[in-house]
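Student: Sharing a structure below in structure tokens format, with a few things to ask.
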Amino acid sequence: MEEKISYSKSLDELQKILTDLESENVEIDKLAESVKRATELIKMLRSKLKKTEIEIKEIVKEFEGEKNG
């Protein structure tokens with residue numbers, strides 16, 4: 001189920017997880033949890049990008065139709 005969290009907050013959380021992983025600040029006991037959460041965030045971000053891309057294409061298509069009509 002997709003969470004209702006903004007794109008920017010999702011991206012910020014993902015960046016924090018990645019920074020922690022890169023700097024080895026994550027506890028070994030929480031490593032799998034952090035990687036799982038990062039994966040969930042990536043899926044949400046990709047989904048939001050795809051939805052936005054589709055919306056923009058539809059808007060441009062409508063605009064082009066009005067312009068030519």
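The values are calculated or read from the model by the stated rules, or taken from the named source; none is laboratory data. Please read all numbers here as calculations on a predicted model, not as lab measurements. Note that each Cβ is placed from the backbone with ideal geometry, even for glycine, and that neighbours are counted across all protein chains shown. Side chains are part of the model used for accessible areas, which takes the heavy atoms of the whole protein and leaves out ligands, DNA and RNA. Shrake-Rupley method; radii C 1.70, N 1.55, O 1.52, S 1.80 Å.
Student: Quote to one decimal, in nm, the extra length available between K43 and S6 on full extension: 0.36 nm per residue of separation minus the C-alpha distance between them. Can you show the working numbers first?
Tutor: Details: separation 37, 0.36 × 37 = 13.32 nm, distance 1.33 nm.
Length difference between fully extended and current span is 12.0 nm.
Student: Now for a different question. Roughly how many percent of the accessible protein surface of the chain is carbon and sulfur, given a 1.4 Å probe and a whole-percent answer?
Tutor: 56
Student: Compute the acute angle (0 to 90°) between the alpha-carbon long axis of helix 7-22 and the principal axis of greatest extent of the alpha-carbon atoms of the chain; round to the nearest 10°.
Tutor: With both axes taken from Cα atoms, the answer is about 30 degrees.
Student: Counting heavy atoms of the protein chains only and a 1.4 Å probe, report the per residue accessible area for the chain as a whole number of Å².
Tutor: On the way: 5990 Å² over 69 residues.
Per residue, the chain has an accessible area of 87 Å².
Student: How do V26, V60 rank by accessible surface area computed with a 1.4 Å probe, from largest to smallest?
Tutor: Ranked list, largest accessible area first: V60, V26.
Student: Report the full-extension gain for the segment K36 to E53: residue separation times 0.36 nm, less the Cα-Cα distance, to one decimal in nm.
Tutor: Working it through step by step, the gained length comes to 3.5 nm.
Student: Can you compute the charge dipole magnitude of the range 11-69 about its Cα centre, using +1 on each Lys and Arg Cβ and -1 on each Asp and Glu Cβ, nothing else charged? Give it in debye, rounded to the nearest 20.
Tutor: The calculated dipole for the range 11-69 is roughly 320 debye.
Student: Put E53, E24 in order of accessible area, largest first, 1.4 Å probe: what do you get?
Tutor: Sorted by accessible area, descending: E24, E53.
Student: Moving to a separate point now. How large is Rg/Rh for the chain, to two decimals, with Cα atoms and a Kirkwood Rh?
Tutor: Reported Rg/Rh, Kirkwood definition of Rh: 1.25.
Student: Another question, then. Among E13, E40, E22, determine the one that fluctuates most according to a GNM of the chain built with springs between C-alpha atoms less than 10 Å apart.
Tutor: E22
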